[in-house]
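Before any comments, here is the structure.
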Amino acid sequence: RAKHDGRGGYRFFEAAMDAEARKRRQMEIDLHDAIAGQQLSLMFQPLFDLSQTRVSAFEALLRWNHPTRGLVSPVDFIPLAEDTGLIVPIGEWVIREASRVARSWPDDVRIAVNVSPVQFRNPGLAAVILQALSESGLPPQRLELEITESLFIDNPQSTLASLHSLRALGVRVALDDFGTGYSSLSYLRAFPFDKIKIDRSFIIDLLNGDGAKAIIKSITTLAEALGMETTAEGVENIDQLDILREQGCSHIQGYYFSKPISETEVQNMLFAPDETVRISA
Ligand code: C2E
Ligand code: MG
Ligand code: MG
Ligand code: MG
């Protein structure tokens, strides 16, 4: 305890903590309302297949349009949704909505959905996926689940078992944000992911020396040997694209090609394609 303004400072700190806790509590109440109040929506960002020069998938990205705060980023509310368990109903809504939207797309265009670790560990996930597929009529191989490496830290055995049972439904599985988390290659051998998504941090570093380039090369070489696709996240310019192509990356995603867009804009991109959909091979 400090001598001078210690007590006052402490009280100030308590008050600040209270305010923080109240704000959090309010956000939690608001998040409850978000689902029922139709404040959630999805944006879709294309993944571009470099060898076929076409869009192979869209990633569904969640948005919360808060009545007073405006658009809240998923980075700011997903942690709260995870702590409170609300990610389970929210994640269910995402899977159903994404499946519904993707149903009207061409047969060779997939939808990728982010699955939080909390949602992944919920025993109801497989049933939710089955229901979303049956009510939308989306073929399972057109749904791709994006999971992160952190799932392998706590209980790798049960994670593997769950992955195998999800795969048995016919859906695809991608490893998101690869290279940022718990770095072990053993789970790449243990589970045949369909795709590895190389984290944006490596793409940012590409133009600053050879280290990131060498890492990309080793990831794409490894992925290819294991029969997995690679998607580079956050590609923002042609210089990055050129290096990624040269280092054997099979797919790209990022602002260079397209920002996340609305359901209507996706329809326009898919059904009224113009030169913006093509990039030089
Ligand atoms: P993520 O799955 O790694 O998604 C990629 C994020 O990078 C998205 O941010 C996307 O808009 C952004 N991005 C794409 N291209 C570029 C680029 O060229 N430059 C830059 N600077 N950023 C780019 P977003 O939409 O804010 O989502 C952030 C994270 O929130 C996602 O990271 C994902 O982990 C999580 N998230 C989003 N939607 C969902 C969801 O429905 N469920 C769950 N559990 N998590 C979600
Ligand atoms: Mg993702
Ligand atoms: Mg990612
Ligand atoms: Mg990432």
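The values are calculated or read from the model by the stated rules, or taken from the named source; none is laboratory data. On a predicted model such as this, the values are computed, not experimentally measured, just so you know. Don't worry about glycine lacking a Cβ; one is built from the backbone with ideal geometry, like all the others, and counts go over all protein chains shown. Accessible surface areas use protein heavy atoms only, side chains included; no ligands, DNA or RNA. Shrake-Rupley method; radii C 1.70, N 1.55, O 1.52, S 1.80 Å.
Which members of segment 175-188 meet the condition of being in a helix (DSSP H, G or I) and either open to solvent by less than 40 Å² (accessible area, probe 1.4 Å) or in contact with a His (Cβ under 6 Å, 6 or more places away or on another chain) (or both)?
Of all residues in segment 175-188, those in a helix (DSSP H, G or I) come to 186-188.
Tyr187, Leu188, listed by residue number.
Do we have Ile129 as among the aliphatic types (A, V, I, L, M), within 15 Å of ligand 1 (Cβ to nearest atom) and either open to solvent by 40 Å² or more (accessible area, probe 1.4 Å) or more than 16 Å from Ile219 (Cβ to Cβ) (or both) here? Step through it out loud before you land on a result.
On the way: among the aliphatic types (A, V, I, L, M): yes; within 15 Å of ligand 1 (Cβ to nearest atom): yes; either open to solvent by 40 Å² or more (accessible area, probe 1.4 Å) or more than 16 Å from Ile219 (Cβ to Cβ) (or both): yes.
In short, yes.
Being open to solvent by 40 Å² or more (accessible area, probe 1.4 Å) and either at pLDDT 95 or above or within 16 Å of ligand 1 (Cβ to nearest atom) (or both) is the filter here, so list the residues in segment 149-160 that pass it. Talk me through it step by step, then tell me what you get.
Applying the first criterion (open to solvent by 40 Å² or more (accessible area, probe 1.4 Å)) to segment 149-160 yields 150, 153-158.
Listed by number, the list holds a single entry, Ser150.
Tell me, yes or no, whether segment 204-215 has at least one residue that is modelled with pLDDT of 95 or more, in contact with a helix residue (DSSP H, G or I) (Cβ under 9 Å, 6 or more places away or on another chain) and within 12 Å of ligand 1 (Cβ to nearest atom).
Applying the first criterion (modelled with pLDDT of 95 or more) to segment 204-215 yields none.
Looking for residues that are modelled with pLDDT of 95 or more, in contact with a helix residue (DSSP H, G or I) (Cβ under 9 Å, 6 or more places away or on another chain) and within 12 Å of ligand 1 (Cβ to nearest atom), one finds none in segment 204-215, hence no.
Starting from segment 215-242, keep only residues that are in contact (Cβ under 8 Å) with a residue 60 or more places away in the chain, then list their pairs with residues that are away from ligand 4 (no atom under 16 Å from the Cβ) whose Cβ atoms are within a distance under 8 Å, requiring at least 6 positions of separation or different chains.
Thr231/Ser250
If Ile111 meets every condition in (1) away from ligand 4 (no atom under 16 Å from the Cβ); (2) surrounded by fewer than 21 Cβ atoms within 10 Å (Cβ to Cβ) apart from one, which number is that one?
It is condition (2) that Ile111 fails.
When both residues are 6+ apart or on different chains and their Cβ atoms are under 6 Å apart, which pairs have a first residue that lies in segment 121-147 and is on the phi < 0 side of the Ramachandran plot, and a second that is open to solvent by 90 Å² or more (accessible area, probe 1.4 Å) and at pLDDT 95 or above?
Taking only residues 6 or more apart or on different chains, the pairs are Ser136/Arg100; Ser136/Arg103; Leu138/Arg103.
Only residues in segment 54-66 that are over 12 Å from Ala102 (Cβ atoms) and away from ligand 2 (no atom under 16 Å from the Cβ) count as the first member; pair them with residues that are small (Gly, Ala, Ser) and open to solvent by less than 10 Å² (accessible area, probe 1.4 Å), Cβ under 6 angstrom, at least 6 apart or cross-chain, and list the lot.
That search, which allows pairs on different chains as well, returns Trp64/Ala34.
Here is a check on your reading of the model: is Asn268 away from ligand 4 (no atom under 16 Å from the Cβ), part of a loop (DSSP other than H, G, I, E, B) and over 30 Å from Pro156 (Cβ atoms)? It would help to see each step written out before you state the result.
Working: away from ligand 4 (no atom under 16 Å from the Cβ): yes; part of a loop (DSSP other than H, G, I, E, B): no; over 30 Å from Pro156 (Cβ atoms): yes.
Against the criterion (away from ligand 4 (no atom under 16 Å from the Cβ), part of a loop (DSSP other than H, G, I, E, B) and over 30 Å from Pro156 (Cβ atoms)), Asn268 does not qualify.
If you take the residues in segment 189-242 that are among the polar types (S, T, N, Q), part of a helix (DSSP H, G or I) and more than 16 Å from ligand 4 (Cβ to nearest atom), which one is surrounded by the fewest Cβ atoms within 10 Å (Cβ to Cβ)?
First, pick out the residues of segment 189-242 that are among the polar types (S, T, N, Q): 201, 208, 218, 220-221, 230-231, 237, 240.
Filter again for part of a helix (DSSP H, G or I), leaving 201, 218, 220-221, 240.
Now narrow it down to the ones that are more than 16 Å from ligand 4 (Cβ to nearest atom): 218, 220-221.
Working: Ser218: 11, Thr220: 21, Thr221: 13.
In this case the residue turns out to be Ser218.
Yes/no matrix, rows are residues, columns are (1) among the aromatic types (Phe, Trp, Tyr); (2) at pLDDT 90 or above; (3) touching a Ser or Thr at 6+ places or on another chain (Cβ under 9 Å); (4) open to solvent by less than 30 Å² (accessible area, probe 1.4 Å):
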| residue | (1), (2), (3), (4) |
| --- | --- |
| Arg1 | no, no, no, no |
| Arg7 | no, no, no, no |
| Ile29 | no, yes, no, no |
| Gly37 | no, no, no, no |
| Met43 | no, yes, yes, no |
| Phe58 | yes, yes, no, yes |
| Gly70 | no, yes, no, yes |
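I need the full set of residues from segment 161-174 which are within 20 Å of Ala98 (Cβ to Cβ), open to solvent by 10 Å² or more (accessible area, probe 1.4 Å) and outside any helix (DSSP H, G or I), in order please.
Leu169, Gly170, Arg172
Under 6 Å between Cβ atoms, at least 6 apart or on separate chains: pull out the pairs that start in segment 151-177 with a residue that is more than 21 Å from Glu229 (Cα to Cα) and end on any residue that is small (Gly, Ala, Ser) and surrounded by 16 or more Cβ atoms within 10 Å (Cβ to Cβ).
Note: no pairs meet the criteria.
Just to be sure I understand, how many residues within segment 149-164 are closer than 27 Å to Pro46 by Cα and touching a Ser or Thr at 6+ places or on another chain (Cβ under 8 Å)?
The qualifying residues number 2.
Got a number for residues in segment 165-222 being within 16 Å of ligand 3 (Cβ to nearest atom) and touching a Ser or Thr at 6+ places or on another chain (Cβ under 8 Å)?
Of the residues in segment 165-222, 15 are within 16 Å of ligand 3 (Cβ to nearest atom) and touching a Ser or Thr at 6+ places or on another chain (Cβ under 8 Å).
May I ask you to say which residue of Phe77, Phe48 is touching a His at 6+ places or on another chain (Cβ under 9 Å) and not in a strand (DSSP E or B)?
On the way: Phe48 fails: not in a strand (DSSP E or B).
None of the others qualify; the one that does is Phe77.
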